[in-house]
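Notes follow the structure.
The values are calculated or read from the model by the stated rules, or taken from the named source; none is laboratory data. Please read these numbers as outputs of a predicted model, since none were measured by experiment. No Cβ is skipped: glycine too gets one built from the backbone with ideal geometry, and neighbour counts run over all protein chains shown. Just so you know, the surface numbers come from the protein's heavy atoms only, side chains and all, with ligands and any DNA or RNA stripped out. Shrake-Rupley method; radii C 1.70, N 1.55, O 1.52, S 1.80 Å.
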Amino acid sequence: MTWLVTGGAGYIGAHVVRALVDRGIDVVVLDDLSSGHDSFLPAGVPFVQGNILDGDLVASALRDHAVTGVVHVAGFKYAGVSVQRPLHTYAQNVTGTLVLLQAMAEVGVSRIVFSSSAAVYGTPDTELVTEATAKNPQSPYGESKLIGEWILADQGVASGLAHTSLRYFNVVGSGYEDVYDTSPHNLFPLLFDALLDGRSPKIFGDDYPTPDGTCVRDYVHVSDLATSHVAAAQRLDAGEPVEPVYNLGSGEGVSVGEIMTAVRDSTGIDFTPEVAPRRPGDPARIVASGELAARDLDWVMRHSLADMVDSAWRARSDATRR
Ligand code: UDP
């Protein structure tokens with residue numbers, strides 16, 4: 001069994017790669033390094049540099065490495081930016097998924113685990129999102145992920161593709177000192193960048209209808225998330241039933257204000273965040289039940305919020321020193 005991880009040189013993909021390798025599963029990585037880093041790849045893992053839109057390259061990677069399943073993490077993941085760049089977002093996330101599935105069909109690879117997102121829900125009208133909650137994506141990014149899920153499901157009907165889509169909530173933390181979130185748009189990296197540069201971190205809006213006025217999110221540790229990808233791959237390899245979608249959420253809401261406190265405690269840096277205007281498109285609160293994933297995918301919160309903040313800060317500040 002060899003699994004291809006698209007986007008395997010990115011922050012989340014690299015954790016998935018290492019989790020698969022740790023379980024003795026052979027892995028090959030395809031990544032165009034547009035937001036990934038080859039330094040995140042463990043030694044000994046074959047690496048194909050290129051974009052998923054290159055169908056010939058994808059097909060030869062599948063063939064050359066006798067791939068039996070794909071974890072499809074590659075994609076354009078910036079919801080806010082996707083509003084300005086819809087065509088790019090759809091090309092990478094929708095056409096990219098189509099090209100990948102075409103190559104898989106051509107080579108005869110029939111298992112896929114797809115990185116989907118909480119963004120498919122938009123602003124949910126419920127305290128606790130379940131897989132059945134209405135999907136109302138608010139950005140081309142969220143739309144593209146929902147379309148990706150539909151394409152997998154349709155291909156499942158048409159060709160027997162075994163598939164599951166994992167809807168990520170707010171993925172943070174680091175499982176390894178040398179792999180960290182380098183996104184220029186997410187809370188943790190922006191907050192850490194500000195602290196490392198001696199600037200005040202920003203809170204985007206403190207007038208939301210939440211207990212402290214700041215947005216509430218469901219933060220999950222990237223290593224717990226990676227473990228569930230391994231479980232999903234193993235279920236597909238074993239021919240065991242899987243749901244078409246799983247929420248990888250913890251059921252716990254944490255506000256941006258509470259994150260600021262956790263970061264002050266973890267770093268020992270006494271800072272005062274600056275309150276900035278709301279960021280367009282941000283839901284006030286989104287928190288999900290991970291019950292289904294707990295049942296099927298070994299989805300367990302093995303890390304506290306303090307673990308998430310400590311490990312993320314350690315990896316990010318070490319990288320600055322290196
Ligand atoms: N956020 C913030 N300051 C920042 C970056 C993000 O207050 O510098 C807030 C953002 O408005 C959201 C939360 O932090 O409420 C998480 O944002 P992120 O971009 O990490 O993830 P999202 O929930 O948008 O997927």
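Summary table
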{"read-out": "Extent along principal axes [Cα atoms of the stretch 89-200; Å; largest to smallest]", "value": "55, 37, 25"}
{"read-out": "Cα-projected label distance for Ser183 with Thr261, points at 7 Å along beta-carbon direction, nm", "value": "2.4 nm"}
{"read-out": "Cα-centred dipole magnitude for the chain, charges only on beta-carbon of K, R (+1) and D, E (-1), debye, nearest 20", "value": "320 debye"}
{"read-out": "Inter-site label distance for Asn136 and Leu190 at 7 Å from Cα along Cβ, in nm", "value": "2.3 nm"}
{"read-out": "Accessible surface, 1.4 Å probe, highest first, among residues Glu252, Glu131", "value": "Glu252, Glu131"}
{"read-out": "Relative contact order %, the stretch 54-144, counting alpha carbon pairs below 8 Å whose residues are six or more apart", "value": "38 percent"}
{"read-out": "Modelled FRET efficiency - R0 30 Å, Thr123 with Ala238, Cβ distances, 0.05 increments", "value": "0.20"}
{"read-out": "Zero-based 10 Å bins, Cα pair distances in the chain, whole percents", "value": "6, 28, 37, 22, 7, 1"}
{"read-out": "Nearest-ten-degree value, helix 11-22 long axis tilted from longest Cα axis of the chain", "value": "60 degrees"}
{"read-out": "DSSP-defined antiparallel bridges as percent of all bridges, the chain, nearest 5", "value": "5 percent"}
{"read-out": "Degrees separating the helix 55-64 axis from the principal Cα axis of the chain, which is the longest one", "value": "70 degrees"}
{"read-out": "Of all accessible heavy-atom area on the chain, the percent that carbon and sulfur account for (1.4 Å)", "value": "50 percent"}
{"read-out": "Ellipticity estimate at 222 nm from DSSP helix runs (n ≥ 4, -39,500 (n - 2.57)) divided over the chain, nearest 500", "value": "-12000 deg cm²/dmol"}
{"read-out": "The stretch 196-277 - Debye-derived log10 I(q)/I(0), Cα point model, q = 0.11, 0.12, 0.21 Å⁻¹", "value": "-0.48, -0.55, -1.00"}
{"read-out": "Projected label distance in nm at Ala158 and Gln49, using a 7 Å step from Cα toward the beta-carbon", "value": "3.4 nm"}
{"read-out": "log10 of Debye I(q)/I(0), alpha-carbon scatterers only, for the stretch 169-223 at 0.20, 0.21 Å⁻¹", "value": "-0.87, -0.93"}
{"read-out": "Surface accessible to a 1.4 Å probe, Ile203 within the full protein complex, Å²", "value": "10 Å²"}
{"read-out": "Candidate lysines for bridging to Lys202, where Cα separation is under 27 Å - those fewer than 8 sequence places away on the same chain excluded", "value": "Lys77"}
{"read-out": "Accessible area expressed per residue, the chain, with surrounding protein chains retained (probe 1.4 Å, Å²)", "value": "41 Å²"}
{"read-out": "Dipole magnitude of the stretch 29-133, debye to nearest 20 (Cβ charges: Lys/Arg +1, Asp/Glu -1, about Cα centre)", "value": "40 debye"}
{"read-out": "Dipole axis of the chain (+1 Lys, Arg; -1 Asp, Glu on Cβ), positive-most option in His37, Ala158, Ser266", "value": "His37"}
